[in-house]
Amino acid sequence: MSERHHVSVKGSLLAILTLGPAYGLQIRDELTLRAPHRAGINVGQIYGTLDRLLTAGLLRSAGLTEDALPLYELSDTGIALAESWTTEPEQVQAPDWIDMQDQLLITASLPGSAENVRALLVGYRAAWSAWAEVTSETDPASAALPFVAAARSAQTEAALAWIDRVGPELASGRALERAARPLRPRRGRKPTRGVTA
């Protein structure tokens, strides 16, 4: 997973944890349910990200499940970052399809998120439009420059068309909203040194 998309997964996990404490497999299942394009992510990647978020002070221990799996919850700093992630596009200077899907689909799945989704839609529309207009900082005489400009234009047109097509339904607050699923642990990683009851 690229560093850029790792950042997006970090924000996704924080947003999912606004629903309450959860363990790694539960969080992974919530992520893939709410953002099906992330179906390939494995629970090991989730636990690695959770460990980094814990070390960074964005999460704290919420104890253990009956099966001794570590539960995670947001710290105050994590809550603030989750709120920001659900209202502002992550990559304003260079918007990305996967980041946009993560933010819009996961935010739209959170209860009471319609206003946040509308803010994200406005932000992504502005970000894509601005990105398409930016001129390359490479040599203006570069023979490749027209092709780069054409690629940006095509990506922007597609992104804006997608926003136009799905935006109203996502912003309605009814399309994807769901509470966290109460799952029993099927498997998972046992507690590590960083998480205790």
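Figures for the structure shown
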{"quantity": "Condition check for Tyr47: assigned to a strand (DSSP E or B) and in contact with a helix residue (DSSP H, G or I) (Cβ under 7 Å, 6 or more places away or on another chain)", "calculated": "no"}
{"quantity": "Pairs where the first residue, in the stretch 165-181, is part of a loop (DSSP other than H, G, I, E, B) and the second is surrounded by 12 or more Cβ atoms within 10 Å (Cβ to Cβ) and of a type in the set (D, E, K, R), C-beta under 6 Å, 6+ apart", "calculated": "Ala175/Glu169"}
{"quantity": "Answer residue from the stretch 45-55, given it is touching a residue at least 12 places away in the same chain (Cβ under 8 Å) and surrounded by fewer than 19 Cβ atoms within 10 Å (Cβ to Cβ) and is farthest from Ala82 (Cα to Cα) among those", "calculated": "Gln45"}
{"quantity": "Number of the exception - Gly123 against (1) surrounded by fewer than 16 Cβ atoms within 10 Å (Cβ to Cβ); (2) modelled with pLDDT of 95 or more; (3) more than 22 Å from Leu19 (Cα to Cα)", "calculated": "(1)"}
{"quantity": "Of all residues in the stretch 63-112 being charged (D, E, K, R), farther than 30 Å from Glu133 by Cα and modelled with pLDDT under 95, the one that is surrounded by the fewest Cβ atoms within 10 Å (Cβ to Cβ)", "calculated": "Glu66"}
{"quantity": "Selection count, the stretch 30-44, where residues are surrounded by 16 or more Cβ atoms within 10 Å (Cβ to Cβ) and either assigned to a helix (DSSP H, G or I) or in contact with a strand residue (DSSP E or B) (Cβ under 6 Å, 6 or more places away or on another chain) (or both)", "calculated": "6"}
{"quantity": "Thr18 vs. criteria within 26 Å of Arg174 (Cα to Cα), crowded, with 16+ Cβ neighbours inside 10 Å and either β-branched (Val, Ile, Thr) or free of Cβ contacts under 8 Å to residues at least 40 places away in the same chain (or both)", "calculated": "yes"}
{"quantity": "Only listed residue being at pLDDT 95 or above and basic (Lys, Arg), chosen from Arg152, Arg165", "calculated": "Arg165"}
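The values are calculated or read from the model by the stated rules, or taken from the named source; none is laboratory data. What you are looking at is a predicted structure, and each value in this text was computed from that prediction instead of being measured. With ideal geometry, Cβ positions are generated from the backbone for all residues, glycine too; neighbour counts draw on all protein chains shown.
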